[in-house]
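K.L.:
Below are the structure tokens for one structure; questions will follow.
Derivation of every value follows stated rules applied to the coordinates shown; laboratory data play no part. Small disclaimer: the values here were computed from a predicted structure and weren't measured. Cβ placement follows ideal geometry from the backbone for every residue including glycine, while neighbour counts extend to all protein chains displayed.
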Amino acid sequence: ITKRKQIQEKLEFSEDQFHKLYDNAKIGLYRTTREGTILMANKELVKMLGYPSFGALASRNIEKGGFGPSYSRKDFIEMIEKHSQVINFESAWTRLDGTVFFVRENAQAIRDSNNNILYFDGVVEDITERKLAEEEIIMLAHSLKSINECVSITDLEDKILFVNESFLKTYGYEENELIGKQITIIRSLNNPPEIVKEILPATVQGEWKGELLNIRKDGSEFPVHLSTTLINDKEGKPLRLIGVASDITAQKQMLDDILKLSSAVEQSPVSIIITDIKGNIEYVNPKGIETTGYQFSELQGKNPRIFKTGEKSANDYKVLWDTISSRKEWHGEFQNKKKNGELYWESASISAIVNNTGEIIHYLAVKEDITEQKKINEELINSKEKAEEMSRLKSNFLANMSHELRTPLVGILGFAEIIRQEIVSPEIKVMAETICKSGNRLSETLNLILDLSQLETEKKEIKFQKVELVVITKEVITLFKVTAQEKGLSLISSFSSESIFINFDARAYYSILNNLINNAIKFTSEGSITTSVSQYDDSVEISVTDTGIGIAKNDYQSIFEEFRQVSEGYSRNFEGSGLGLSITKKLVEKYGGTITVESEVGKGSTFKVILPVTNALEILKEPTASEKLTSTKYPETKLGKPLGLLVDDDPLVFQVMKRYLRDYVELETTMDAEFAAKLLRKKKYDIIFMDINLNRGMDGKEAATIIRKIDGYEFTPIIATTAYALAGDREKFISAGCSHYLSKPFTKTEIIDVVSEALKQK
Ligand code: ADP
């Protein structure tokens, strides 16, 4: 039996070993019957349940003994049957003294060969400590409920155990949709895989921090800053992972904006300098570096006064500082100095940068190099001044020329007219007539040149008066009757109503219409000239249509320019100065109107003038007697001729006037104003003709003033006669004491007209 004995001993030994192991295990072990009667329990389990020894526990029912697990035997058996394997679950147990503790239990059924359950074996681990730690975490997490960050607690396998309110709000989930799920549900698939992969391992090691793309329930993505931390239990074993995420969309947007703005500043074509509140440079953009020629390191911390040239006074700088430190913007120009000493001009705008609380934290200067611009501006101003000077010279030259030409014309025209009237020989009569015609043409041209020079020097003042267009138009047309008849042209006119009133200047209107009809007749050899005036709500349209040679479209513009004609140079076909239309256009535009031309070569042209009706700058006034364009009047009586004195340094004028006024005035003359005063004191004169330019001694204006002071000459008509026919002159002469004004050269009719007017008034 030696062999048997040996086997027996071995068996006993191994059973002893097993018992020792079983008993001394640091985890609770038990065996019960199917119904729950305790067959075995090791020391650890006995201790867990609070029993003094196994003996006190043996044979008690684990369910009914008032201790052990809280679940029912029935549920337990059902669970085991269902799984038929080892089951693993957590539950609460009760000790002998009634206190509760938490366990993790592994249970297994041991069966016979017929698969009937013989008993249950269980392994029980006390997890109360861990459970409590977890509850603490959850409580802590709940206390984080109201914080803005999204807090989540997960187990070591990333399963969600808790999320706070911010989390739910931010991700758009209900709590029950998340608990028990993987936290990766909120992670976007667009994250770099290598980053996603490192999060869990890194957290289990301690913590992970970084940026991630997350995804809401509705699928929208947003960036978060996430920090995940590992929490250990009391024994230092890894327990849970806490994640704190914050939505950084706004922050990212802000960074984006800052990037945008800063690159705008960096790339800006103007210099930008930012200083601290003491004015020390903190930032200069690349353009600023380029302009000043310094390196940034040479400017940093320096005061911008290193650019100073002394062009601005201390007071200028004080004003600048006062402006910007009171949070206002300062604008101005600096002359500054580059590193290489070169001077340059800057247009700067300087202001304070203020924080949320209104405190000044920086100063900002935005500056543009305007050296080139300044140079160009100066050149422009210079050339403008030069051009204006030239234009003044031209106008003065024209005015002087016209004066010099007008004066001898008095003699030429005057004597030609006298010869024409007095001579009997028809041949010489024709010659005299030709002299008259040519002289008149010359005089007309002089008038145009003078008008133009006045318009150009802006000397012609705008005067508005109530003007009746129908009468003036008819009068102007009448003037052309003879010429039209000679050329076999018919003159047609039409008016939209019997009388048409506008606020205008009668002389200007006269001149406009005169030029247009004059051209129409000049450039038409057969057919008709039609003048029509039509009134609309706020404008009047005057059109002059001819059936003449017409104007090519190409020339529409140039004909309105000074001295320009369609046929120019030596081959030109028509007389004329090329001034009429340019004066007409200037006049029309001066009064706010427009002039246009429509024409067909060979068929004729229509010039259309549109004048505004309501352009009244002055209160409407009736035209004065001298402004009225009246038909010629002659003195009614020749009896008892009045005595007249002519003061003029040109003896020709006396001879012409003496003839002209033969039937109306007894004329005496003197060349000297002072002598005239003596004569006037000696004899009583009824009318005085006063030339203004007397070449020596007193001029006519002064003389008029003196004459007015002589007894008996307070109201005697003084007629100013001058070749200086500039606008405003008339007023000057009148205010000096003259009662009437006549520009040289004048015709017989004109002088008789003025004389009759003057003597009538007397
Ligand atoms: P002028 O008639 O003295 O030459 P204007 O300035 O009045 O100067 O006219 C300029 C040019 O416009 C004329 O020379 C002529 O070539 C052209 N023009 C003006 N009016 C007419 C018209 N009614 N028919 C044809 N051509 C015209």
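K.L.:
For the stretch 269-359, what value does the Rg/Rh ratio take when both radii are computed over Cα atoms and Rh is the Kirkwood radius, given to two decimals?
P.N.:
Taking Rh as the inverse mean 1/r over Cα pairs, Rg/Rh reads 0.95.
K.L.:
Counting each DSSP H run of 4 or more residues in the chain as -39500 (n - 2.57), what helix-only mean residue ellipticity at 222 nm follows after dividing by all residues, to the nearest 500 deg cm²/dmol?
P.N.:
-13000 deg cm²/dmol
K.L.:
May I have the extent of the alpha carbons of the chain along their three principal axes, as whole Å values ordered from largest to smallest?
P.N.:
Taking the Cα atoms of the chain, the three principal extents are 196, 65, 51 Å.
K.L.:
Right, something else. For the stretch 145-197, take N as its residue count and report Rg(C-alpha) divided by 2.2 N^0.38 Å.
P.N.:
That ratio works out to 1.16.
K.L.:
For the chain, what is the relative contact order in percent, using Cα pairs closer than 8 Å and at least 6 residues apart in sequence?
P.N.:
6
K.L.:
While we're looking at this one, here's another question. For each pair in LYS339/LYS384; LYS43/LYS131; LYS474/LYS732; LYS131/LYS252; LYS3/LYS26, compute the distance between the two Cα atoms and list the pairs where it is over 29 Å.
P.N.:
Listed pairs above 29 Å: LYS339/LYS384; LYS474/LYS732; LYS131/LYS252; LYS3/LYS26.
K.L.:
Also, I was wondering about something else. Provide TYR556, TYR30, TYR536 in ascending order of the number of other Cβ atoms located within 10 Å of each residue's Cβ, fewest first.
P.N.:
TYR536, TYR556, TYR30
K.L.:
Rg/Rh for the stretch 318-463 to two decimals, with Rh computed the Kirkwood way over all alpha-carbon pairs.
P.N.:
1.50
K.L.:
Please find the FRET efficiency linking GLU388 to ASN695, where r is the Cβ-Cβ separation and R0 is fixed at 22 Å, and quote it to the nearest 0.05.
P.N.:
Calculated transfer efficiency: 0.10.
K.L.:
Could you check the spin-label model distance between LYS684 and TYR71? Points 7 Å from the Cα along Cα→Cβ, value in nm.
P.N.:
Using points 7 Å along Cα→Cβ, the separation is 15.2 nm.
K.L.:
Please list, ordered by chain and number, the residues whose modelled amide H lies under 5 Å from the amide H of LEU694; skip anything fewer than 5 residues away on the same chain.
P.N.:
The answer is GLY700.
K.L.:
Show me 14-24, 646-656 ranked by packing, highest mean number of other Cβ atoms within 10 Å first.
P.N.:
Highest mean packing first, the order is 646-656, 14-24.
K.L.:
A further question follows. Under the 0.36 nm per residue contour assumption, what length would be gained going from the current alpha-carbon distance of ILE147 and ASP711 to full extension?
P.N.:
Extra length from ILE147 to ASP711 when fully extended: 192.1 nm.
K.L.:
Please give the charge dipole size of the stretch 478-571, origin at the Cα centre, charges +1 on K and R Cβ atoms and -1 on D and E Cβ atoms. Round to the nearest 20 debye.
P.N.:
Rounded to the nearest 20 debye, it is 320 debye.
K.L.:
Another question about this same structure. Among 677-688, 262-273, what's the highest-first ranking by average C-beta atoms within 10 angstrom per residue?
P.N.:
677-688, 262-273
K.L.:
Next question. Please sort 592-602, 407-417 by packing, taking for each peptide the average over its residues of neighbouring beta carbons within 10 angstrom, highest first.
P.N.:
Peptide ranking by packing, descending: 407-417, 592-602.
K.L.:
While we're here: So, how do all the Cα-to-Cα distances of the stretch 124-252 break down into 10 Å bins, in percent, from 0 on up?
P.N.:
12, 45, 33, 9, 1, 0
K.L.:
Could you let me know the centre-to-centre spacing of the stretch 320-369 and the stretch 667-745, using Cα atoms, in angstrom?
P.N.:
Distance between centres, Cα-based: 66 Å.
K.L.:
Which ³J(HN,Hα) values, rounded to whole Hz and listed in residue order, are derived for the stretch 588-605 from phi using the Karplus coefficients 6.51, -1.76 and 1.60 in 6.51 cos²θ - 1.76 cosθ + 1.60 with θ = phi - 60°, glycine and proline given as x?
P.N.:
Values per residue, Gly and Pro as x: 4, 6, 4, 9, x, x, 9, 10, 9, 10, 10, 7, 9, 4, x, 10, x, 9 Hz.
K.L.:
With axes computed from alpha carbons, what is the tilt in degrees of helix 314-325 against the longest principal axis of the chain, rounded to the nearest 10 within 0 to 90?
P.N.:
Helix 314-325 and the main axis of the chain meet at about 50 degrees.
K.L.:
Also, I was wondering about something else. Which angle from 0 to 90°, rounded to the nearest 10, does the C-alpha axis of helix 506-522 make with the longest principal axis of the chain?
P.N.:
Compared with the principal axis, the helix lies near 80 degrees.
K.L.:
List, largest first, the extents of the alpha carbons of the stretch 44-183 along their principal axes, each in whole Å.
P.N.:
Ordered largest first, the stretch 44-183 gives principal extents of 58, 37, 22 Å.
K.L.:
Could you tell me how many degrees, from 0 to 90 and to the nearest 10, lie between the Cα long axis of helix 651-660 and the main elongation axis, the longest principal axis, of the Cα atoms of the chain?
P.N.:
Taking the Cα atoms of the chain, the angle to 651-660 is about 80 degrees.
K.L.:
What FRET efficiency would be calculated for the residue pair TYR317, PHE296, taking the C-beta separation as r and a Förster radius of 22 Å, to the nearest 0.05?
P.N.:
Between TYR317 and PHE296 the formula returns 0.35.
K.L.:
For VAL86 and ASP23, what does the FRET efficiency come to when R0 = 30 Å and r is the distance between their Cβ atoms, rounded to the nearest 0.05?
P.N.:
So the FRET efficiency works out to roughly 0.85.
K.L.:
Can you list the residues, at least 5 places off or on another chain, whose amide H is less than 5 Å from the amide H of PHE689, using H built in the peptide plane?
P.N.:
Here LEU645, LEU646, VAL647, ILE719 satisfy the definition.
K.L.:
Would you mind computing, in nm to one decimal, how far apart the modelled labels at THR249 and THR483 are, each placed 7 Å from Cα along Cα→Cβ?
P.N.:
My value for the distance between the label points is 8.4 nm.
K.L.:
Stretched out fully, how many nm does the piece from ASN514 to GLU329 gain, at 0.36 nm a residue minus the Cα gap?
P.N.:
Length difference between fully extended and current span is 60.7 nm.
K.L.:
Additional query: Would you work out which of TRP330, ILE281, PHE296 lies farthest towards the positive end of the dipole of the chain, given +1 charges on the beta-carbon of Lys and Arg and -1 on that of Asp and Glu, about the Cα centre?
P.N.:
TRP330
K.L.:
Just the projected area, averaged over all directions, of the convex hull on the alpha carbon atoms of the stretch 637-676: how many nm²?
P.N.:
Averaging across all directions leaves 2.7 nm² for the Cα convex hull.
K.L.:
For the stretch 1-111, what are the per-bin percents of Cα-Cα distances with bins 5 Å wide, up to the bin holding the maximum?
P.N.:
2, 11, 18, 22, 18, 11, 7, 5, 3, 2, 1, 0
K.L.:
For the stretch 698-761, what is the per residue volume of the convex hull drawn over the alpha-carbon atoms, in cubic angstrom?
P.N.:
Expressed per residue, the convex hull around the Cα atoms of the stretch 698-761 is 84 Å³.
K.L.:
Distance in nm between label sites at ILE360 and PHE222, each 7 Å beyond Cα in the beta-carbon direction?
P.N.:
Using points 7 Å along Cα→Cβ, the separation is 4.0 nm.
K.L.:
Follow-up question, since we're still on this one. Using θ = phi - 60° and the Karplus relation 6.51 cos²θ - 1.76 cosθ + 1.60, list the HN-Hα couplings for the stretch 35-41 in order, rounded to whole Hz, with x at every Gly or Pro.
P.N.:
Once θ is set to phi - 60°, the couplings for the stretch 35-41 become 7, x, 6, 6, 9, 9, 7 Hz.
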